[in-house]
Amino acid sequence: MKNDIEIFLFIDALGWELVERTHFMEKELPYRRKIEMQFGYSSTAIPTILSGRTPAEHGHLGLFRFAPADSPFKSLAKLAPLMKPESLWNRGRVRNLLSKVVKRLCGFTGYFQLYQMPFKKLALMDYCEKHDLFAPRGMEGIANLYDVLEASGRPFHISDWHIGDRRNFAAARQAIREGKTFLFIYTAELDALLHQYPVLLHDAIREKLDWYAQEIESLFQVCSECDKSLRLTVISDHGMTPLTRTADLKSAVEKTGLVFGRDYGACYDSTMLRATFLTPAAEPAIRAALKPFEECGHWLTEEEEKHYGIYRSDRRFGDAIFLMAPGVQIVPSDMGLRPLNGMHGFAPEDRDSQAVIMSTEEIPPEVRRVADYFGLMKQRLAEATP
Ligand SMILES: [Zn+2]
(Lines give C-alpha, C1' and ligand atoms only; values in the text may rest on other atoms or scores of the structure.)
Protein backbone atom coordinates (compact mmCIF):
# COMPACT_ATOMS: atom_id res chain seq x y z
CA MET A 1 0.00 0.00 0.00
CA LYS A 2 1.21 3.46 -0.83
CA ASN A 3 1.72 5.78 2.13
CA ASP A 4 2.01 9.46 1.33
CA ILE A 5 2.86 10.48 4.87
CA GLU A 6 5.02 8.59 7.35
CA ILE A 7 4.84 9.59 11.02
CA PHE A 8 6.88 8.29 13.94
CA LEU A 9 5.44 9.63 17.17
CA PHE A 10 7.65 9.28 20.25
CA ILE A 11 5.81 9.30 23.59
CA ASP A 12 8.27 9.33 26.48
CA ALA A 13 7.52 6.71 29.18
CA LEU A 14 4.53 5.13 27.41
CA GLY A 15 5.14 1.65 28.80
CA TRP A 16 3.78 -1.69 27.59
CA GLU A 17 1.97 -2.19 30.90
CA LEU A 18 0.10 1.11 30.58
CA VAL A 19 -0.86 0.45 26.97
CA GLU A 20 -2.07 -3.06 27.86
CA ARG A 21 -4.13 -1.91 30.82
CA THR A 22 -5.76 1.01 29.03
CA HIS A 23 -6.10 -0.63 25.56
CA PHE A 24 -4.69 2.65 24.26
CA MET A 25 -5.83 3.20 20.62
CA GLU A 26 -6.24 -0.53 20.01
CA LYS A 27 -8.55 0.04 17.05
CA GLU A 28 -6.49 2.71 15.30
CA LEU A 29 -3.07 1.15 16.01
CA PRO A 30 -3.76 -2.59 15.98
CA TYR A 31 -0.18 -3.75 15.39
CA ARG A 32 1.64 -3.53 18.70
CA ARG A 33 4.54 -5.15 20.46
CA LYS A 34 6.43 -5.06 23.72
CA ILE A 35 9.89 -3.51 23.24
CA GLU A 36 12.97 -4.05 25.39
CA MET A 37 14.08 -0.79 26.94
CA GLN A 38 17.63 0.41 26.32
CA PHE A 39 19.50 0.14 29.64
CA GLY A 40 19.79 3.61 31.16
CA TYR A 41 17.34 6.51 31.17
CA SER A 42 16.30 9.19 28.66
CA SER A 43 19.87 10.45 28.21
CA THR A 44 20.66 6.97 26.87
CA ALA A 45 17.43 6.18 25.06
CA ILE A 46 17.19 9.36 22.98
CA PRO A 47 20.62 9.03 21.31
CA THR A 48 19.87 5.34 20.74
CA ILE A 49 16.54 6.16 19.06
CA LEU A 50 18.15 8.88 16.96
CA SER A 51 21.06 6.74 15.76
CA GLY A 52 20.22 3.05 16.23
CA ARG A 53 23.46 2.70 18.22
CA THR A 54 23.88 1.35 21.74
CA PRO A 55 25.49 3.40 24.56
CA ALA A 56 28.68 1.36 24.07
CA GLU A 57 28.79 2.84 20.55
CA HIS A 58 27.45 6.39 21.01
CA GLY A 59 29.01 6.93 24.44
CA HIS A 60 25.95 8.30 26.27
CA LEU A 61 24.84 6.58 29.45
CA GLY A 62 24.17 8.79 32.48
CA LEU A 63 24.05 12.56 31.92
CA PHE A 64 27.17 13.07 34.06
CA ARG A 65 30.23 10.85 34.18
CA PHE A 66 33.26 11.01 36.41
CA ALA A 67 36.03 12.24 34.06
CA PRO A 68 38.20 15.04 35.51
CA ALA A 69 40.38 15.25 32.38
CA ASP A 70 37.38 15.76 30.09
CA SER A 71 35.32 18.07 32.29
CA PRO A 72 33.88 21.09 30.47
CA PHE A 73 33.17 22.66 33.87
CA LYS A 74 36.77 23.22 34.99
CA SER A 75 36.59 27.00 34.71
CA LEU A 76 33.52 27.03 36.99
CA ALA A 77 35.35 25.32 39.84
CA LYS A 78 36.54 28.61 41.30
CA LEU A 79 32.93 29.66 41.85
CA ALA A 80 32.17 26.72 44.14
CA PRO A 81 33.46 28.32 47.38
CA LEU A 82 31.20 31.32 46.74
CA MET A 83 28.10 29.17 46.69
CA LYS A 84 27.22 29.16 50.36
CA PRO A 85 25.05 28.21 52.10
CA GLU A 86 24.59 25.04 50.03
CA SER A 87 20.94 24.68 51.08
CA LEU A 88 20.11 27.90 49.24
CA TRP A 89 21.82 26.78 46.03
CA ASN A 90 20.10 23.39 46.22
CA ARG A 91 16.58 24.83 45.96
CA GLY A 92 14.76 23.73 42.81
CA ARG A 93 14.18 27.14 41.29
CA VAL A 94 17.72 28.32 42.03
CA ARG A 95 19.18 25.18 40.45
CA ASN A 96 17.02 25.65 37.37
CA LEU A 97 18.30 29.17 36.96
CA LEU A 98 21.86 28.08 37.67
CA SER A 99 21.51 25.29 35.09
CA LYS A 100 20.59 27.90 32.47
CA VAL A 101 23.63 30.00 33.36
CA VAL A 102 26.02 27.04 33.30
CA LYS A 103 24.54 25.82 30.01
CA ARG A 104 25.17 29.22 28.45
CA LEU A 105 28.69 29.60 29.90
CA CYS A 106 29.66 26.16 28.58
CA GLY A 107 28.05 26.76 25.20
CA PHE A 108 25.94 23.60 25.34
CA THR A 109 23.14 23.23 22.80
CA GLY A 110 21.78 19.92 24.14
CA TYR A 111 19.48 19.22 27.06
CA PHE A 112 21.18 20.42 30.24
CA GLN A 113 20.15 20.27 33.88
CA LEU A 114 22.39 20.28 36.94
CA TYR A 115 19.80 18.33 38.93
CA GLN A 116 21.47 17.89 42.34
CA MET A 117 25.03 17.42 41.10
CA PRO A 118 27.06 19.22 43.79
CA PHE A 119 28.73 22.30 42.35
CA LYS A 120 32.05 21.39 43.92
CA LYS A 121 32.07 18.06 42.05
CA LEU A 122 31.28 19.60 38.67
CA ALA A 123 34.92 20.20 37.71
CA LEU A 124 35.47 16.43 37.96
CA MET A 125 32.51 15.60 35.73
CA ASP A 126 31.93 15.34 32.02
CA TYR A 127 28.44 15.87 30.59
CA CYS A 128 27.23 13.70 27.73
CA GLU A 129 24.65 15.95 26.07
CA LYS A 130 26.76 18.95 25.10
CA HIS A 131 25.21 19.04 21.63
CA ASP A 132 21.64 19.07 20.39
CA LEU A 133 21.17 15.42 19.41
CA PHE A 134 18.28 16.28 17.09
CA ALA A 135 20.24 18.87 15.10
CA PRO A 136 22.28 18.29 11.91
CA ARG A 137 25.50 16.42 12.77
CA GLY A 138 24.49 16.50 16.43
CA MET A 139 26.10 13.18 17.30
CA GLU A 140 29.84 13.53 16.75
CA GLY A 141 30.72 11.27 13.85
CA ILE A 142 27.52 9.19 13.98
CA ALA A 143 24.75 9.90 11.48
CA ASN A 144 21.62 10.85 13.41
CA LEU A 145 18.01 10.95 12.28
CA TYR A 146 18.37 14.47 10.91
CA ASP A 147 21.42 13.53 8.84
CA VAL A 148 19.69 10.45 7.41
CA LEU A 149 16.49 12.34 6.58
CA GLU A 150 18.44 15.18 4.99
CA ALA A 151 20.43 12.75 2.82
CA SER A 152 17.20 11.05 1.68
CA GLY A 153 15.96 14.23 0.01
CA ARG A 154 12.49 13.63 1.41
CA PRO A 155 10.70 16.68 2.86
CA PHE A 156 10.73 16.08 6.61
CA HIS A 157 9.88 17.57 9.96
CA ILE A 158 11.44 16.85 13.35
CA SER A 159 9.79 18.25 16.48
CA ASP A 160 11.47 20.87 18.61
CA TRP A 161 12.25 19.16 21.94
CA HIS A 162 12.41 22.53 23.72
CA ILE A 163 8.66 23.09 23.42
CA GLY A 164 5.61 21.36 24.88
CA ASP A 165 3.51 18.54 23.44
CA ARG A 166 0.61 20.77 22.37
CA ARG A 167 2.84 23.00 20.29
CA ASN A 168 4.63 20.01 18.82
CA PHE A 169 1.38 18.44 17.59
CA ALA A 170 0.35 21.79 16.14
CA ALA A 171 3.72 22.12 14.38
CA ALA A 172 3.33 18.60 12.98
CA ARG A 173 -0.12 19.41 11.52
CA GLN A 174 1.34 22.53 9.98
CA ALA A 175 4.25 20.52 8.51
CA ILE A 176 1.80 18.12 6.84
CA ARG A 177 -0.07 21.05 5.32
CA GLU A 178 3.23 22.45 4.05
CA GLY A 179 3.99 19.21 2.21
CA LYS A 180 6.37 17.46 4.61
CA THR A 181 6.01 13.72 4.18
CA PHE A 182 8.20 12.23 6.92
CA LEU A 183 7.59 13.39 10.49
CA PHE A 184 9.26 12.55 13.78
CA ILE A 185 7.11 13.95 16.58
CA TYR A 186 8.65 14.19 20.04
CA THR A 187 6.52 14.37 23.19
CA ALA A 188 7.70 14.18 26.80
CA GLU A 189 4.86 15.34 29.05
CA LEU A 190 3.53 11.87 29.89
CA ASP A 191 6.88 11.03 31.50
CA ALA A 192 6.60 13.90 33.98
CA LEU A 193 3.04 12.87 34.93
CA LEU A 194 3.98 9.22 35.38
CA HIS A 195 6.84 10.13 37.72
CA GLN A 196 4.08 11.61 39.89
CA TYR A 197 1.29 9.03 39.40
CA PRO A 198 2.82 5.66 38.49
CA VAL A 199 0.76 3.20 40.53
CA LEU A 200 -2.92 3.47 39.80
CA LEU A 201 -4.57 4.61 36.66
CA HIS A 202 -4.83 8.11 37.95
CA ASP A 203 -7.28 10.50 36.29
CA ALA A 204 -4.37 12.70 35.20
CA ILE A 205 -2.87 9.79 33.24
CA ARG A 206 -6.20 8.77 31.67
CA GLU A 207 -6.84 12.38 30.65
CA LYS A 208 -3.38 12.67 29.14
CA LEU A 209 -3.81 9.43 27.17
CA ASP A 210 -7.20 10.62 25.91
CA TRP A 211 -5.54 13.84 24.86
CA TYR A 212 -2.82 11.99 22.93
CA ALA A 213 -5.55 9.94 21.23
CA GLN A 214 -7.30 13.16 20.14
CA GLU A 215 -4.06 14.64 18.85
CA ILE A 216 -3.30 11.46 16.91
CA GLU A 217 -6.82 11.58 15.44
CA SER A 218 -6.13 15.15 14.37
CA LEU A 219 -3.07 13.99 12.40
CA PHE A 220 -5.26 11.53 10.46
CA GLN A 221 -7.76 14.31 9.95
CA VAL A 222 -5.22 16.71 8.48
CA CYS A 223 -3.85 14.02 6.17
CA SER A 224 -7.31 13.22 4.90
CA GLU A 225 -8.03 16.93 4.33
CA CYS A 226 -4.84 17.03 2.24
CA ASP A 227 -6.00 13.87 0.46
CA LYS A 228 -2.96 11.93 1.71
CA SER A 229 -2.72 8.47 3.25
CA LEU A 230 -0.92 8.11 6.56
CA ARG A 231 1.17 5.36 8.13
CA LEU A 232 1.61 6.16 11.80
CA THR A 233 3.87 4.42 14.30
CA VAL A 234 4.01 5.26 18.01
CA ILE A 235 7.27 4.43 19.79
CA SER A 236 8.41 4.78 23.40
CA ASP A 237 11.61 4.40 25.38
CA HIS A 238 10.55 2.79 28.67
CA GLY A 239 7.74 2.41 31.17
CA MET A 240 7.60 3.57 34.80
CA THR A 241 8.29 1.56 37.96
CA PRO A 242 6.49 2.55 41.19
CA LEU A 243 8.67 3.39 44.20
CA THR A 244 9.04 0.55 46.71
CA ARG A 245 11.80 1.94 48.94
CA THR A 246 14.92 4.10 48.97
CA ALA A 247 18.57 3.30 49.64
CA ASP A 248 21.25 5.74 50.76
CA LEU A 249 24.29 4.39 48.90
CA LYS A 250 26.00 7.75 49.03
CA SER A 251 26.32 7.86 52.83
CA ALA A 252 27.53 4.27 52.85
CA VAL A 253 30.28 5.07 50.36
CA GLU A 254 31.23 8.30 52.14
CA LYS A 255 31.48 6.48 55.49
CA THR A 256 34.42 4.47 54.13
CA GLY A 257 36.60 7.54 54.60
CA LEU A 258 37.69 7.39 50.96
CA VAL A 259 38.10 10.82 49.40
CA PHE A 260 36.02 11.67 46.35
CA GLY A 261 38.25 12.68 43.45
CA ARG A 262 41.39 11.27 45.06
CA ASP A 263 40.47 7.66 45.92
CA TYR A 264 37.35 7.18 43.85
CA GLY A 265 34.81 8.85 41.61
CA ALA A 266 31.07 8.18 41.57
CA CYS A 267 27.90 9.19 39.81
CA TYR A 268 24.68 8.54 41.68
CA ASP A 269 21.75 8.27 39.30
CA SER A 270 18.33 7.40 40.73
CA THR A 271 18.68 3.74 39.81
CA MET A 272 22.40 3.09 39.58
CA LEU A 273 25.75 4.01 41.01
CA ARG A 274 28.64 4.21 38.56
CA ALA A 275 31.92 3.94 40.46
CA THR A 276 35.47 4.70 39.36
CA PHE A 277 38.31 3.28 41.44
CA LEU A 278 41.36 5.55 41.59
CA THR A 279 43.39 3.66 44.20
CA PRO A 280 43.82 -0.09 44.86
CA ALA A 281 42.07 0.27 48.22
CA ALA A 282 38.98 1.97 46.80
CA GLU A 283 37.42 -1.02 45.06
CA PRO A 284 37.34 -3.45 48.01
CA ALA A 285 36.23 -0.66 50.36
CA ILE A 286 33.32 0.43 48.15
CA ARG A 287 32.26 -3.13 47.41
CA ALA A 288 32.28 -3.86 51.15
CA ALA A 289 30.30 -0.67 51.87
CA LEU A 290 27.56 -1.79 49.48
CA LYS A 291 27.34 -5.35 50.83
CA PRO A 292 24.34 -4.44 53.03
CA PHE A 293 22.50 -3.27 49.89
CA GLU A 294 22.82 -6.54 48.01
CA GLU A 295 19.23 -7.49 48.66
CA CYS A 296 18.09 -4.35 46.84
CA GLY A 297 20.65 -4.13 44.04
CA HIS A 298 23.69 -5.77 42.48
CA TRP A 299 26.96 -5.09 40.68
CA LEU A 300 26.55 -5.72 36.96
CA THR A 301 28.71 -8.47 35.52
CA GLU A 302 30.68 -8.00 32.30
CA GLU A 303 28.16 -10.33 30.60
CA GLU A 304 25.27 -8.12 31.71
CA GLU A 305 27.04 -4.98 30.52
CA LYS A 306 27.61 -6.62 27.12
CA HIS A 307 24.04 -7.85 26.95
CA TYR A 308 22.71 -4.35 27.73
CA GLY A 309 24.98 -2.69 25.16
CA ILE A 310 26.89 -0.65 27.74
CA TYR A 311 30.22 -2.49 27.91
CA ARG A 312 33.26 -0.33 27.13
CA SER A 313 36.82 -1.56 27.55
CA ASP A 314 37.91 2.05 28.22
CA ARG A 315 35.49 2.07 31.21
CA ARG A 316 34.01 5.36 30.05
CA PHE A 317 30.91 4.69 32.15
CA GLY A 318 32.87 3.79 35.30
CA ASP A 319 34.77 0.74 36.51
CA ALA A 320 31.69 -0.85 38.05
CA ILE A 321 27.94 -0.24 37.99
CA PHE A 322 25.63 -1.04 40.90
CA LEU A 323 22.06 -1.35 39.59
CA MET A 324 19.13 -1.11 41.99
CA ALA A 325 16.33 -3.69 42.02
CA PRO A 326 13.12 -2.49 40.33
CA GLY A 327 11.38 0.08 42.54
CA VAL A 328 14.35 0.89 44.81
CA GLN A 329 15.61 4.45 44.29
CA ILE A 330 18.97 5.84 45.36
CA VAL A 331 18.20 8.78 47.68
CA PRO A 332 19.88 11.19 47.87
CA SER A 333 21.37 11.00 44.40
CA ASP A 334 22.92 13.44 41.96
CA MET A 335 19.46 13.55 40.37
CA GLY A 336 17.38 14.39 43.44
CA LEU A 337 17.25 14.78 47.21
CA ARG A 338 13.87 13.08 47.48
CA PRO A 339 12.41 10.00 45.78
CA LEU A 340 9.78 10.26 43.06
CA ASN A 341 6.63 8.13 43.10
CA GLY A 342 7.81 6.47 39.90
CA MET A 343 11.19 6.03 38.22
CA HIS A 344 12.71 4.40 35.16
CA GLY A 345 16.20 3.10 34.52
CA PHE A 346 15.95 -0.30 36.23
CA ALA A 347 16.66 -3.65 34.57
CA PRO A 348 15.28 -3.60 31.00
CA GLU A 349 13.64 -7.01 31.41
CA ASP A 350 11.51 -5.83 34.34
CA ARG A 351 7.79 -5.78 33.53
CA ASP A 352 7.38 -2.06 34.30
CA SER A 353 10.43 -1.11 32.22
CA GLN A 354 9.12 -2.45 28.91
CA ALA A 355 8.51 0.04 26.14
CA VAL A 356 6.08 -0.29 23.24
CA ILE A 357 5.71 0.10 19.49
CA MET A 358 2.26 0.46 17.90
CA SER A 359 1.40 1.03 14.29
CA THR A 360 -1.29 1.25 11.69
CA GLU A 361 0.64 -1.40 9.77
CA GLU A 362 2.50 -4.62 10.38
CA ILE A 363 5.78 -4.17 12.29
CA PRO A 364 8.73 -6.22 10.99
CA PRO A 365 9.58 -9.09 13.37
CA GLU A 366 13.17 -7.91 13.90
CA VAL A 367 12.01 -4.79 15.78
CA ARG A 368 12.45 -5.95 19.38
CA ARG A 369 14.54 -3.34 21.16
CA VAL A 370 14.67 0.46 21.35
CA ALA A 371 17.84 0.37 19.23
CA ASP A 372 15.79 -1.21 16.40
CA TYR A 373 13.53 1.83 15.82
CA PHE A 374 16.18 3.63 13.81
CA GLY A 375 16.52 0.71 11.37
CA LEU A 376 12.74 0.69 10.94
CA MET A 377 12.70 4.44 10.20
CA LYS A 378 15.48 3.97 7.64
CA GLN A 379 13.64 1.04 6.09
CA ARG A 380 10.41 3.06 5.80
CA LEU A 381 12.39 5.90 4.29
CA ALA A 382 14.04 3.64 1.73
CA GLU A 383 10.64 2.20 0.71
CA ALA A 384 9.42 5.67 -0.18
CA THR A 385 12.57 7.10 -1.76
CA PRO A 386 12.92 6.34 -5.45
ZN1 LIG B 1 11.49 10.44 33.20
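I330 passes every criterion in (1) in contact with a Leu (Cβ under 7 Å, 6 or more places away or on another chain); (2) open to solvent by 10 Å² or more (accessible area, probe 1.4 Å) apart from (2). Exactly one residue out of G153, G164 is exposed (fewer than 15 other Cβ atoms within 10 Å of the Cβ) and closer than 30 Å to P339 by Cβ, and it is G164. Within 30 Å of Q116 (Cα to Cα), open to solvent by less than 10 Å² (accessible area, probe 1.4 Å) and modelled with pLDDT of 95 or more: is that true of F73 in this structure? So F73 fails the test. Please determine whether any residue of the range 241-257 is touching a Ser or Thr at 6+ places or on another chain (Cβ under 7 Å), within 16 Å of the ligand (Cβ to nearest atom) and under 30 Å from M25 (Cα atoms). Looking through the range 241-257, at least one residue is touching a Ser or Thr at 6+ places or on another chain (Cβ under 7 Å), within 16 Å of the ligand (Cβ to nearest atom) and under 30 Å from M25 (Cα atoms).
If the condition is being buried (at least 18 other Cβ atoms within 10 Å of the Cβ) and either more than 16 Å from R166 (Cβ to Cβ) or of a type outside the set (S, T, Y) (or both), then the range 201-212 contributes I205, K208, L209. Is it the case that the range 182-200 has a residue that's more than 16 Å from the ligand (Cβ to nearest atom), among the hydroxyl-bearing types (S, T, Y) and surrounded by fewer than 19 Cβ atoms within 10 Å (Cβ to Cβ)? There is no residue in the range 182-200 that is more than 16 Å from the ligand (Cβ to nearest atom), among the hydroxyl-bearing types (S, T, Y) and surrounded by fewer than 19 Cβ atoms within 10 Å (Cβ to Cβ). Residues satisfying the criterion are present in the range 347-357 (criterion: under 22 Å from A252 (Cβ atoms) and open to solvent by 10 Å² or more (accessible area, probe 1.4 Å)). Number of residues in the range 9-43 that are assigned to a loop (DSSP other than H, G, I, E, B), open to solvent by less than 50 Å² (accessible area, probe 1.4 Å) and not hydroxyl-bearing (S, T, Y): the value is 11.
Restricting the range 24-72 to residues that are hydroxyl-bearing (S, T, Y) and away from the ligand (no atom under 16 Å from the Cβ) leaves a set whose member that is farthest from H238 (Cα to Cα) is S71.
Note on the range 334-386: residues that are under 21 Å from Y186 (Cβ atoms), of a type in the set (S, T, Y) and out of contact with any Leu (no Cβ under 7 Å at 6 or more places or on another chain) amount to 2. Residue-level analysis places L14 outside the set of residues that are within 16 Å of the ligand (Cβ to nearest atom), aliphatic (A, V, I, L, M) and touching a Cys at 6+ places or on another chain (Cβ under 7 Å). Against the test of being over 30 Å from E207 (Cβ atoms) and surrounded by fewer than 20 Cβ atoms within 10 Å (Cβ to Cβ), the options G52, G107, G62 yield a single qualifying residue, G107. In the range 363-386, how many are in a loop (DSSP other than H, G, I, E, B), at pLDDT 95 or above and open to solvent by 40 Å² or more (accessible area, probe 1.4 Å)? Residues flagged as in a loop (DSSP other than H, G, I, E, B), at pLDDT 95 or above and open to solvent by 40 Å² or more (accessible area, probe 1.4 Å) within the range 363-386 amount to 3.
Using the structure shown, decide if E215 is exposed (fewer than 12 other Cβ atoms within 10 Å of the Cβ) and away from the ligand (no atom under 16 Å from the Cβ). No; evaluated as a whole, the condition is false for this residue. Taken together, the residues in the range 309-362 that are in a loop (DSSP other than H, G, I, E, B) and within 13 Å of the ligand (Cβ to nearest atom) amount to 7.
Quick check: anything in the range 132-145 modelled with pLDDT of 90 or more, within 16 Å of the ligand (Cβ to nearest atom) and touching an Asp or Glu at 6+ places or on another chain (Cβ under 6 Å)? No: zero hits. Pairing residues of the range 186-197 that are within 10 Å of M343 (Cα to Cα) and of a type outside the set (D, E) with residues that are away from the ligand (no atom under 11 Å from the Cβ) and in a helix (DSSP H, G or I), at Cβ distances under 7 Å and at least 6 apart in sequence or on separate chains, gives L194/I205. May I ask you to verify whether G309 is on the phi > 0 side of the Ramachandran plot, open to solvent by 30 Å² or more (accessible area, probe 1.4 Å) and at pLDDT 95 or above? In short, no.
The values are calculated or read from the model by the stated rules, or taken from the named source; none is laboratory data. Computed from a prediction, not measured in an experiment: that's the story for all the values here. Cβ: placed from backbone, ideal geometry, glycine included. Neighbour counts: every protein chain shown. These accessible areas exclude ligands, DNA and RNA; they are computed on the full protein's heavy atoms, side chains included. Shrake-Rupley method; radii C 1.70, N 1.55, O 1.52, S 1.80 Å.
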